[in-house]
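Data first, discussion second: the structure below is written as structure tokens.
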Amino acid sequence: MALIFFASLAAFLFFVPVKSWACMTILVGKKASATGEVLVGHNEDAPGRFIIQTHLVKQKRRAPGTKIKFEPGLAELELNENRTSLFWSEAQTVSDNPADSAFCDFYVNGHGVVICSNNCANSKEDNPELLNGGIGYGLRRLVAEEAKSARDALEIACGLVEKYGYASSGRSYAFADKDEIYVLQIVNGKHYAAARVPDDEVAVIPNHYTIRQPEKNLQGYEKLISYAKERGWYKDEDGNFDFARVYQSKETFGLEKNTYRHVKAFEILLEMDLSDLLKREWQPLPFSIKPAHKVEIETLKKILRAHNHENSQHSDKPIGICNCDTLESTIVQIRHNPDRTILRKALGRPCVSPYVPWYFGINSLPEGYEDDDPEKALLEHFHLKPEDLDYKDNAWFRAMEVQAACDSLFPDGAAMVKDEIKIFEDKLEEKLQDLDSQIELRIRTDPGIAKAMMEGAVMTCTREAEELAKILKTKLEKIS
């Protein structure tokens, strides 16, 4: 009976799409962080039937002039000759619309640069300038393969947009390294705004533009304003140029699903009730804020797990930060030594999935994670068959079983799972703290042993998470 129950849940989960498009990114400057390190928190959300696959991509030298075409109908792109190593979290789906596969992937590269994005549709642009169809998916991939710093990532991305034009209506990219964070918010075509997150502040990005006053010393500023004047969207007498207000379409400006999540994150960071903001006519919120206290890893977990109220379900309106379309949640703690950078990954919705630590410097994927050839995965990203998404006995699908059961057995099932995850994570973080101190010492004197320790830590943590998933499934079966 229990097997039938879980099989039916899995089938329901993977074949019934629920639209929301609600990605969320939290960017913490190093002086706003309790660890003294730049922190990036990101929920990747997309509706429909998706799976997440993890890849470790090795450095590679290519022949000059090597080209690739990602989405059908878009520009053919020249790949960098010297690709750095990558941690690649790939969101896979099968769709007639290439855009469904174009904008979900999360990267950390061998130079310690983090790349993620959020949909910001729609912009006002209705006449974009595009070369050979423009660039979409390729932007994040080319930046990830080449960027040596967050500023370098920004400059590479701006160059690609200026050359090809951006093929989607609107998007926000975050580029972070051990020292800095830059946000690039692009309009369909060749216009964009850029801003740096102050070291002592935190930026929150849901699915609307958040840059208000683009930085004048960064690329694209003058063209952005002159184009807005040309289109009649902005005049000097309007006062200070406000990118979010000028370039966001009237139809998507101030949408409840975006403003609610934006305010919710600010409430947690500022530790104050901001509900009155939701009762007024929407005004764009500040690009970044100084938090009430230094931001802990636990603070980011709280934000990325937030629902619209404590006992709400994922489909309740307004949608929460953790919602029915959340595919994966990642918190990155960026270190000076990229190998020691820690990614905490929660498969699926983080409210019912543990954040498990991964060191960037591992050489192989732990048991239970797909280990397809990443070169093949890149070539096939837009050419998957439905059977490529069939159930497999791996970490992702086991997490989905637990998640689906929590929805079906709400609220008792979800409450039990959350309690168990809290106990599990507390123990995991305690062990990690001690081990990480040992690794820090070893990496200076014996990098080989330090790498082996990192590898062992990831294997142990993921194995324990797998055991937890089995325990939770047994307990959920008893509730059912």
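Values as computed for the structure displayed
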{"item": "Residues of segment 179-217 classified as part of a loop (DSSP other than H, G, I, E, B), out of contact with any helix residue (DSSP H, G or I) (no Cβ under 8 Å at 6 or more places or on another chain) and over 25 Å from residue 239 (Cα atoms), total", "result": "3"}
{"item": "Residue list for segment 93-119, restricted to those being in a helix (DSSP H, G or I) and in contact with a strand residue (DSSP E or B) (Cβ under 7 Å, 6 or more places away or on another chain)", "result": "99, 100, 101"}
{"item": "Positions within segment 220-251 being buried (at least 20 other Cβ atoms within 10 Å of the Cβ) and within 24 Å of the chain's Cα centre (by Cα), in sequence order", "result": "243, 244, 247, 248"}
{"item": "Single match in 188, 217 (criterion: surrounded by 20 or more Cβ atoms within 10 Å (Cβ to Cβ) and more than 27 Å from residue 294 (Cβ to Cβ))", "result": "188"}
{"item": "Only listed residue being crowded, with 17+ Cβ neighbours inside 10 Å, charged (D, E, K, R) and either without any contact (Cβ under 8 Å) to a residue 60 or more places away in the chain or not in a strand (DSSP E or B) (or both), chosen from 90, 71", "result": "71"}
{"item": "Output for segment 275-302, where each listed residue is over 20 Å from the mean Cα position of the chain (by Cα) and either part of a helix (DSSP H, G or I) or loosely packed, with under 14 Cβ neighbours inside 10 Å (or both)", "result": "275, 276, 277, 278, 279, 280, 281, 283, 286, 292, 293"}
{"item": "Residues located in segment 398-418, provided they are surrounded by fewer than 18 Cβ atoms within 10 Å (Cβ to Cβ) and either basic (Lys, Arg) or within 19 Å of residue 357 (Cα to Cα) (or both)", "result": "418"}
{"item": "Any hit, segment 119-131, residues being within 23 Å of residue 335 (Cα to Cα) and either surrounded by 24 or more Cβ atoms within 10 Å (Cβ to Cβ) or under 21 Å from the mean Cα position of the chain (by Cα) (or both)", "result": "no"}
{"item": "Cross-chain or 6+ apart pairs with Cβ under 9 Å, segment 461-476 first and over 12 Å from residue 420 (Cα atoms), then at pLDDT 95 or above and among the hydroxyl-bearing types (Ser, Thr, Tyr)", "result": "none"}
{"item": "Count of segment 120-143 residues which are over 30 Å from residue 242 (Cβ atoms) and in a loop (DSSP other than H, G, I, E, B)", "result": "2"}
{"item": "Total residues in segment 162-173, condition surrounded by fewer than 23 Cβ atoms within 10 Å (Cβ to Cβ) and hydrophobic (A, V, I, L, M, F, W, C)", "result": "0"}
{"item": "Complete set of residues in segment 1-55 that are more than 28 Å from residue 120 (Cβ to Cβ), modelled with pLDDT under 50 and part of a loop (DSSP other than H, G, I, E, B)", "result": "1"}
{"item": "In segment 74-87, the residues that are over 21 Å from the mean Cα position of the chain (by Cα), in a strand (DSSP E or B) and of a type in the set (A, V, I, L, M, F, W, C)", "result": "77"}
{"item": "Residue that is farthest from residue 139 (Cα to Cα), among those in segment 152-178 that are touching a helix residue (DSSP H, G or I) at 6+ places or on another chain (Cβ under 6 Å) and not in a strand (DSSP E or B)", "result": "177"}
{"item": "Residue within segment 419-438 that is among the β-branched types (Val, Ile, Thr) and either under 24 Å from residue 299 (Cβ atoms) or assigned to a loop (DSSP other than H, G, I, E, B) (or both) present", "result": "yes"}
{"item": "Residue identified as more than 22 Å from residue 184 (Cβ to Cβ), modelled with pLDDT of 95 or more and touching a helix residue (DSSP H, G or I) at 6+ places or on another chain (Cβ under 7 Å) among 306, 265", "result": "306"}
{"item": "Total residues in segment 156-194, condition among the charged types (D, E, K, R), out of contact with any strand residue (DSSP E or B) (no Cβ under 6 Å at 6 or more places or on another chain) and under 22 Å from residue 123 (Cα atoms)", "result": "3"}
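Rundown of residues vs (1) surrounded by 13 or more Cβ atoms within 10 Å (Cβ to Cβ); (2) among the hydroxyl-bearing types (Ser, Thr, Tyr); (3) touching a Lys or Arg at 6+ places or on another chain (Cβ under 7 Å), yes/no style:
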residue	(1), (2), (3)
445	no, yes, no
451	yes, no, no
455	yes, no, no
461	yes, no, no
467	no, no, no
475	yes, no, no
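The values are calculated or read from the model by the stated rules, or taken from the named source; none is laboratory data. Being a predicted model, the structure only gives us computed values, none of them experimental. No Cβ is skipped: glycine too gets one built from the backbone with ideal geometry, and neighbour counts run over all protein chains shown.
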